[in-house]
1. Every residue in segment 503-554 that is among the charged types (D, E, K, R) and surrounded by 15 or more Cβ atoms within 10 Å (Cβ to Cβ), please.
2. Please specify each residue of segment 206-249 satisfying the condition of being within 28 Å of Val514 (Cβ to Cβ) and in contact with a Gly (Cβ under 6 Å, 6 or more places away or on another chain).
3. Can you tell me which residue within segment 599-608, out of those that are assigned to a loop (DSSP other than H, G, I, E, B) and open to solvent by 50 Å² or more (accessible area, probe 1.4 Å), is farthest from Tyr423 (Cα to Cα)?
4. Please go through (1) modelled with pLDDT under 80; (2) in a loop (DSSP other than H, G, I, E, B); (3) more than 27 Å from Arg526 (Cα to Cα) for Glu596 and return the number of the only condition it doesn't satisfy.
5. Would you mind finding the one in Val400, Val431 that is among the β-branched types (Val, Ile, Thr) and open to solvent by 50 Å² or more (accessible area, probe 1.4 Å)?
6. Of the residues Gly291, Gly350, Gly285, only one is part of a helix (DSSP H, G or I), open to solvent by 40 Å² or more (accessible area, probe 1.4 Å) and either in contact (Cβ under 8 Å) with a residue 24 or more places away in the chain or out of contact with any Cys (no Cβ under 8 Å at 6 or more places or on another chain) (or both); which?
7. Which one of these does Gly576 not meet: (1) closer than 24 Å to Ile219 by Cβ; (2) open to solvent by less than 40 Å² (accessible area, probe 1.4 Å); (3) at pLDDT 90 or above; (4) not hydroxyl-bearing (Ser, Thr, Tyr)?
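The values are calculated or read from the model by the stated rules, or taken from the named source; none is laboratory data. What you see is a predicted model; the values in this text were computed from it and never measured. With ideal geometry, Cβ positions are generated from the backbone for all residues, glycine too; neighbour counts draw on all protein chains shown. Calculation scope for accessible area: heavy atoms of the full protein, side chains included, ligands and nucleic acids excluded. Shrake-Rupley method; radii C 1.70, N 1.55, O 1.52, S 1.80 Å.
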Amino acid sequence: MSVQWDGSPPDPAGRGRADGGVRTDDAVRPERPEDGPGRLPAPRPGGRAEARRAARDRAVPVRPGRGGTGEGGRTAARAGRRDAPREPRADGRGGSGGSGRRTAARSPERAGRGGARRLIAWSVAGVLVVLAGAGGAVYYKLNGNLRSFDADAIAPDRPPESAADAHGHRPVNLLLIGSDSRAGKNSDLGGGDEDGARSDTTILLHVYADHRHAVGISIPRDALVTVPRCKLPNGKWTREQPGQMFNSAFSVGNSESGNPACTLNTVERLTGIRVDHTIEVNFEGFAAMTGAVGGVDVCLPNDIHEGNINPNLGRKGKVVLAKGRQRVSGQQALDYVRLRHGIGDDSDVGRMKRQQAFLSSLLAKIKSKGLSPGTLLPLADAATRSMTVDPGLDSAAKLVDFALTLKSIDLHEVKFLTTPWRYSGSRIDLVHPAVDTLWRTLQADRTIDGQDATGQQDAAGAPTAEPTPSPTPSAEPTPAVGADGAPIRVTVYNATNAAGLAARAAETLRAARVTVAGTSSRGTARATTTVEYGTGQRAAAEKVAALFPGAAVAPGQAAGISLRLGRDYAAVGAAGGSPSPTATGPAGAPAPLPTEVVNEARSGDDDICSNVSYG
């Protein structure tokens, strides 16, 4: 291959110009006279080697018309624009000679690099715009999924907000509700055709002020409580309803979406604890969440058949959930947490234990996958599609901010337990004063084993409460009776300005098998709680007064027995139920919970096969 040389600078690819530069074929340009026929011209001076020699010798002139200064060269063009040729620089990088050729060769390369840098910069900017747009789209989607209930549906007479600790941090109380609405696709998952909705699961999660400990309290759906005034879908408010099953609060108004605000009001009335946030998830959302995390590990002590899931089936059917460890999602996960029959004593108590085990396993699964967008976004999308929240969590940003406050809680420091309870026929009664002590413990931001959130022990010598007898199935309990053998009936009056005391005192009376004839928030203001009695009712009145230490007993104007609550009851019992010698410990700290209540608590990292049944 012959190579031709001329006075034009090479192009960036090294091939030369189309008008006679370097060529890579065998064509030969016309010979110059000085070349002689058939002879290749000698390489012209002014190349890189000569430029280097010029730099070394600093005295070798560069011939005009050669190298980068030749006719048509770029340096010549520059020189023409400046009206005078520039002298060569001593370092050989000037605008003449071989250095000009180097400059000419590099200029397009540098232009290419600049273009590449601009391209990279624009690409990064584009990626950021896309990410920001995607983030906005994700937030928009999650916001569109969310539903929230009206803030006006929350009762105005609420417990006070939790006090801050020495560092200014506050505990957070989160109400978790799993509803059994059959609306929409939920009917395919729930296996029922009832109208309206009920709360299938309710857990009050108390996150301690240090945000490193938490305890979830399961409230039995069959427990008899007072449902306070609640707002109906038409905007009207109901009347207070004592002696109702706890899960009926969610059904107030009989709407397909349920009434989470009424459940919130009922929990606050029951516990004396301010609920900061509420999250309700229905069947569809729950099933989707388990799929989003790739399934949840669970365990069962025996096989579960179709007939156990649906008692109306009329036959045993095939195995739906096998004995032992397994991973479930979707319908199977829902079957597990709703399972009531074919295991233990077929009670709701055992079901609550399995729900606690399931939540522990779900938290462990999420934590093992890491709190990354890849984990959280599918989970958040699945959850929010079937989620109703309080107004304080009504956007994706608020949910994310709240979730980030929980990231430092270790699984071992998450405890689950059920309110102290006992059977009352086919229903469940909450055990007093143990349940009152539990609420006081949370109000004081104490752990269930008597420590504060940073691990400080109570004062030495704190009394230990006598263990409450383990709940056992029994026949319908005999109501309390007076000296004449007739059941004791009491009307309760709240004679103070503190809200909710009449209902709280009524719960104490019912726990003692005393019939509550009614409650009222109207009464003549008084300092001391007094039990008034009609003719022949003194003995019964004294039994009632024994339930309220410090209460006076006096004859009244009306027949029957009236309990008139005074400021002494408000001062001691407003936050946690009736005043009781075992309700508080030294210096006003809550007394220790009964040993078996603490021992029954489940840690988030417990074996998934332990404590999943009752009876």
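1. Answer for segment 503-554, where residues must be among the charged types (D, E, K, R) and surrounded by 15 or more Cβ atoms within 10 Å (Cβ to Cβ): Arg504, Glu507, Arg510, Arg513, Arg526, Glu532, Arg538, Glu542, Lys543.
2. Leu224
3. Asp605
4. All conditions pass for Glu596, except number (2).
5. Val400
6. Among Gly291, Gly350, Gly285, only Gly291 is part of a helix (DSSP H, G or I), open to solvent by 40 Å² or more (accessible area, probe 1.4 Å) and either in contact (Cβ under 8 Å) with a residue 24 or more places away in the chain or out of contact with any Cys (no Cβ under 8 Å at 6 or more places or on another chain) (or both).
7. (3)
Okay, residues lined up against (1) on the phi > 0 side of the Ramachandran plot; (2) modelled with pLDDT under 95; (3) part of a helix (DSSP H, G or I); (4) buried (at least 24 other Cβ atoms within 10 Å of the Cβ):
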{"residue": "Arg229", "(1), (2), (3), (4)": "no, yes, no, no"}
{"residue": "Arg239", "(1), (2), (3), (4)": "no, yes, no, no"}
{"residue": "Gln244", "(1), (2), (3), (4)": "no, yes, no, no"}
{"residue": "Ser248", "(1), (2), (3), (4)": "no, yes, yes, no"}
{"residue": "Gly258", "(1), (2), (3), (4)": "yes, yes, no, yes"}
{"residue": "Leu264", "(1), (2), (3), (4)": "no, no, yes, yes"}
{"residue": "Leu270", "(1), (2), (3), (4)": "no, yes, yes, yes"}
